[in-house]
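*Asks:* Please find one structure pasted underneath; my questions will follow.
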Amino acid sequence: MRLPPALERYDAPMVRQFVKYGIVGASNTVITFVVYTILVQVVGVEYIVSLILGYLAGSINSYVLNRHWTFRAGHLSHTSVGTRFAIVQVLAILANVGLLYLLVHDAHVHKVAAQAILTLPVLAITFFVNRAWSFAAAS
């Protein structure tokens, strides 16, 4: 069955990938946010350290699911894909930490709310970088 012309652009492979990436991102977000919140609120770990530990847990989940499901890059070597993915994740966490610090210390946003605010922009940026570079087949 063919989609109406106005909706055809939403059936593009990139849109499907973005939806899958969003689903994976949602699971990563839950993992990251749960780990972060437990460490901050229950255990009393400093919020920046908590974010890094939560992000690490979410990143492992992200790599596995995105490699095999979203980008179907299971045939590509872990060495190249894993390295590129790790670089993107490190840059994303550095940006996230910097922005989190600004929101908490300069804008006086609650630590948990600040991380919630940053979730979607980081997800969107990392999708395009991971799609174009991390999980792209070597040329």
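The values are calculated or read from the model by the stated rules, or taken from the named source; none is laboratory data. Quick caveat, the model's predicted, so the values are computed rather than measured. As a convention, Cβ positions derive from the backbone with ideal geometry for all residues, glycine included, and neighbour counts pool all protein chains shown.
*Asks:* State all residues of the range 119-132 that are touching a residue at least 12 places away in the same chain (Cβ under 8 Å) and farther than 14 Å from LEU91 by Cα; if no residue qualifies, say none.
*Replies:* Those that are touching a residue at least 12 places away in the same chain (Cβ under 8 Å) and farther than 14 Å from LEU91 by Cα: THR119, ARG131.
*Asks:* Does any residue in the range 80-107 that is without any contact (Cβ under 8 Å) to a residue 12 or more places away in the chain come within less than 8 Å, Cβ to Cβ, of a residue that is of a type in the set (A, V, I, L, M) six or more places away or on a different chain, and which pairs are these?
*Replies:* Partner pairs satisfying both residue conditions: ALA107/ALA114.
*Asks:* Another one. What residue, of VAL109, VAL90, is β-branched (Val, Ile, Thr) and under 18 Å from VAL40 (Cβ atoms)?
*Replies:* Every option except VAL109 fails the conditions.
*Asks:* OK, next. Within the range 126-139, is even one residue surrounded by 12 or more Cβ atoms within 10 Å (Cβ to Cβ), aliphatic (A, V, I, L, M) and under 17 Å from ALA57 (Cα atoms)?
*Replies:* Checked against the condition, which is being surrounded by 12 or more Cβ atoms within 10 Å (Cβ to Cβ), aliphatic (A, V, I, L, M) and under 17 Å from ALA57 (Cα atoms), the range 126-139 yields no hits at all.
*Asks:* Out of the residues in the range 15-73 meeting the condition of being of a type in the set (Lys, Arg) and assigned to a helix (DSSP H, G or I), tell me which one is nearest to ASN130 (Cα to Cα).
*Replies:* Top of the filtered list is ARG67.
*Asks:* Follow-up. Quick check on my filter: what residues within the range 39-78 are touching a residue at least 12 places away in the same chain (Cβ under 8 Å) and hydrophobic (A, V, I, L, M, F, W, C)?
*Replies:* Answer for the range 39-78, where residues must be touching a residue at least 12 places away in the same chain (Cβ under 8 Å) and hydrophobic (A, V, I, L, M, F, W, C): LEU39, VAL40, ILE48, LEU51, ILE52, LEU53, ALA57, LEU65, TRP69, PHE71, ALA73, LEU76.
*Asks:* Consider ARG2 against the criteria (1) at pLDDT 80 or above; (2) among the charged types (D, E, K, R); (3) part of a loop (DSSP other than H, G, I, E, B): it satisfies all of them except one. Which criterion is unmet?
*Replies:* For ARG2, the exception is condition (1).
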